[in-house]
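Just so you know, all these numbers are worked out from the coordinates, no wet-lab data involved. Worth saying up front: this structure is predicted, and the values here are computed from it rather than measured. Here the Cβ positions follow ideal geometry from the backbone for every residue, glycine too, while neighbour counts run over all protein chains shown.
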């Protein structure tokens, strides 16, 4: 099965601070599936390194540089709305 996986969780140095962030269980996915590393921040044009940005309590920055928080979960919400199953890194054990 093909899986979109956050590139940083696969050890790619694309995080805001360039430090690796390999998540437990993610390397093992490559033995069972075809993980496709994706960094939404870089695809959106953000540089690495960059200032940190966070989703907290289901709220994200609106993207218009006003500092305003808005409800949502970023690209994950768009994927889910289009029938793509979205799992967080704490749910890796639920992938068959």
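When a footprinting reagent is the concern and you count Cβ atoms within 10 Å, what order do 85, 15 take, fewest first? Write out the running numbers ahead of the final one.
Numbers: 85 10, 15 19.
Starting with the residue having the fewest Cβ neighbours, the order is 85, 15.
For the pair residue 18/residue 42, report the inter-label distance in nm, with labels modelled 7 Å from Cα in the Cβ direction.
Result: 1.3 nm between the two label points.
In nm, to one decimal, how far is the modelled label at residue 4 from the one at residue 93, with both set 7 Å along Cα→Cβ?
Output for this residue pair reads 2.6 nm.
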